[in-house]
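Here you go, one structure.
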Amino acid sequence: MLIDAHVHLDKYGGLLDDALKEIEQEQIFTVATAMDAPSYGELKVIAERSLLVLPTFGVHPRRAQQYASRLSDLGPLIEDSPAIGEIGLDFHWEKDSSTYPVQRKVLEYFFAAAREQKKFVNLHTKGGEREILDLLVRYDLRRAIIHWYSGPMDILRELIAYGAFFTIGVEVHFSDHIKAIAQGVPDHLLLTETDNPGGLQWLKGELGMPKVIENVIEKVADLRQSTPERIERLVHANFTRLIADDQWLKPVDDLLSRSQS
C-alpha cells in the first residue's frame, strides 16, 4: 500500500470526491493533517468516507496566535485525535518575529499532550529546525515525522541520529537540496508525502491529486538507485513500525498489516 504521510484533504473543495476516488483506486493510506480546529472537524467528516484516511488534529504555526490565549480549548480535540499534526514552528515564511513566542507556546502545549498521550507528531519545521530538535529531546518525543524538511544538513544528521522520520515530497523533482536530503535519509526513517493539494500547486501551479505520490516514489527510487516497488514496501514498513503498539492506531495497524499480507 502507498503511504502519503502529510495531506490537507479539506482543501480539495469541489475536487474532494475525485481525490477520495483516487485514494481508493490506488490504495493510498493518507494522513490527513489539520491546520486548526475547523480543519480537523472537516477532516473527521471526510474520514467517514474512507478507511484509508486518518484525520489528525494540529494547529499550524502560522495560526498559533488564534489559540495561544485559549489552549485549554484544544485539549478535547487533542484527546480525540489519534495522532497530532500539523504542528511546529515557522520562522521562515512567517516574518513577524512577534509571533514566535506564541508559536513556541502552542507547540509546547501539543508536545506535552503528545508525551502524556503517547501519540506521534507531524511537524512543520521551516526555520525552526534546531529549536524543534531541542524540544523533541526535552519532551522525549521519539515518534516524530518531519514534514518536507528543507533545513540545514547538519541538523538533518542530528535529527536522523535522534530517530526522526522524514517525508520526501513533490519538491524532490525540482530542488537539488531536497534531492540530497532524499538521498541522505537512511532507509529505516524514510517516508513519503505530497502535501496535497497545495504542494504541487505552490511549486508548479498545478493542483496535486493523490496519484502524485506515485511520481514522488519513482523519483526517490531513482535517486536512491532503487525501484519504486522497493521504496513503496520500505515506506509501508517504516510507517507500520512508527505506529506499532500504538493504542490509538490499532485499526490502522491492522489495516496496513492486512494490505501487506
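The values are calculated or read from the model by the stated rules, or taken from the named source; none is laboratory data. Just so we're clear, the structure is a prediction, and the values are computed from it rather than from any experiment. Neighbour counts run over all protein chains shown; Cβ positions are idealised from the backbone, glycine included.
For Asp134, only one of the following conditions fails: (1) more than 16 Å from Ile146 (Cβ to Cβ); (2) without any contact (Cβ under 8 Å) to a residue 24 or more places away in the chain. What is its number?
Status for Asp134: all satisfied but (1).
Now for a separate question. Out of the residues in the stretch 131-163 that are hydroxyl-bearing (Ser, Thr, Tyr) and farther than 17 Å from Ala5 by Cβ, state the one that is surrounded by the most Cβ atoms within 10 Å (Cβ to Cβ).
Tyr139
From Phe239, Phe174, grab the single residue that is touching a strand residue (DSSP E or B) at 6+ places or on another chain (Cβ under 7 Å) and modelled with pLDDT of 95 or more. Before the answer, list the steps.
Values: Phe174 fails: touching a strand residue (DSSP E or B) at 6+ places or on another chain (Cβ under 7 Å).
The conditions single out Phe239.
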